[in-house]
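Student: Quick one: this structure, given as structure tokens, is what I'll be asking you about.
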Amino acid sequence: MKRIYSLLIAGLLVTCALGQSPQGRPSFTGARFGERGPDGDGSVEVSGELKQWHKVTLKHWKPHLRDWKTGDPSWKDGKGKGMIGAINYLSGKGCNVFSFLPYNAGGDGDNVWPFIARNDKFHYDCSKLPQNDLLCEDWRSRDRSWDYCRFALDFFRDEKIPFWEMSNADGLVGNPGHDNSAYCFARKGEIYLVYLPGGGRRELDLSGTTGEFQVGWFDPRTGGELTKVAPGKGGAAMKLEAPDAENDWLAVVRQ
């Protein structure tokens, strides 16, 4: 499937987050904060280096032992180095958040709980309570995914995209049914992001607008600066042609 982590979705997922960082817990300032990091099957949930909260195959993060640094925390004669190394690796890739579940009985996974037994919710296993409940694997197996996330967030920052003032406008690129052929995210009359999962050609309806619009193409596989092309004029349909018809591309059309 084409990258549905597309920049359009990445923009919609930008949120405010509080958590721990090497600089300590950040205070809320009202500034918008873009998340990028593991979730779902790649999240931090259960661990073989901590007490067993579950009855599943445990992970030990051996591939990330090399990412642990002298001075980083560990416990019980060196345990935890792989886990801390994994977090170091994600930080180095530009990730700033990850998720984990301390309790998911009856939910995702159905394999994590702080009790002495799954259904005994009145008796906590005190040996588990001081610990975070963590699972991960070799996050390098998704090495490029972290890069793609960073490219997306850097794009929104560097291009100063006012995503909080934009909305879905798929109808302007001939996709009122919102299928996977083309997407448009816009503040009408000012800026349009047109995502083409398969590249190629598309028309953007600029009727009702006036003036000149600058056009640039963003490559979500490599990030970086836009490839500028000839500008177009408002008042009619603008023809957009991606650099190729094989890969996904994002057109940035703005006054």
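The values are calculated or read from the model by the stated rules, or taken from the named source; none is laboratory data. Keep in mind that what you see is a predicted model, and the values were worked out from it rather than measured. Every residue, glycine as well, gets a Cβ built from its backbone with ideal geometry; the counts of neighbours run over all protein chains shown.
Student: Return the total of residues in region 146-161 being surrounded by fewer than 16 Cβ atoms within 10 Å (Cβ to Cβ) and assigned to a loop (DSSP other than H, G, I, E, B).
Tutor: Residues that pass the stated criteria total 1.
Student: Something else now. Could you list, in sequence order, all residues of region 206-238 that are acidic (Asp, Glu) and surrounded by fewer than 17 Cβ atoms within 10 Å (Cβ to Cβ)?
Tutor: First, pick out the residues of region 206-238 that are acidic (Asp, Glu): 212, 219, 225.
Selection gives Glu212, Glu225.
Student: Turning to a different aspect of this structure: Tell me which residues, restricted to region 62-71, are part of a loop (DSSP other than H, G, I, E, B) and either surrounded by 14 or more Cβ atoms within 10 Å (Cβ to Cβ) or not assigned by TED's automatic domain parsing to the domain that holds Gly92 (or both).
Tutor: Once the filter is applied, which keeps residues that are part of a loop (DSSP other than H, G, I, E, B) and either surrounded by 14 or more Cβ atoms within 10 Å (Cβ to Cβ) or not assigned by TED's automatic domain parsing to the domain that holds Gly92 (or both), region 62-71 yields only Trp68.
Student: Sticking with this structure for a sec: Just checking, which of Thr210, Thr227 is polar (S, T, N, Q), in the same structural domain as Ala169 (by TED's automatic domain parsing) and under 17 Å from Phe156 (Cα atoms)?
Tutor: Step by step, each of Thr210, Thr227 is checked, and only Thr227 is polar (S, T, N, Q), in the same structural domain as Ala169 (by TED's automatic domain parsing) and under 17 Å from Phe156 (Cα atoms).
Student: Hey, another quick one. Within region 239-251, restricting attention to residues that are within 20 Å of Asp147 (Cβ to Cβ) and among the hydrophobic types (A, V, I, L, M, F, W, C), which residue is surrounded by the fewest Cβ atoms within 10 Å (Cβ to Cβ)?
Tutor: If we take residues in region 239-251 being within 20 Å of Asp147 (Cβ to Cβ) and among the hydrophobic types (A, V, I, L, M, F, W, C), then Leu250 is surrounded by the fewest Cβ atoms within 10 Å (Cβ to Cβ).
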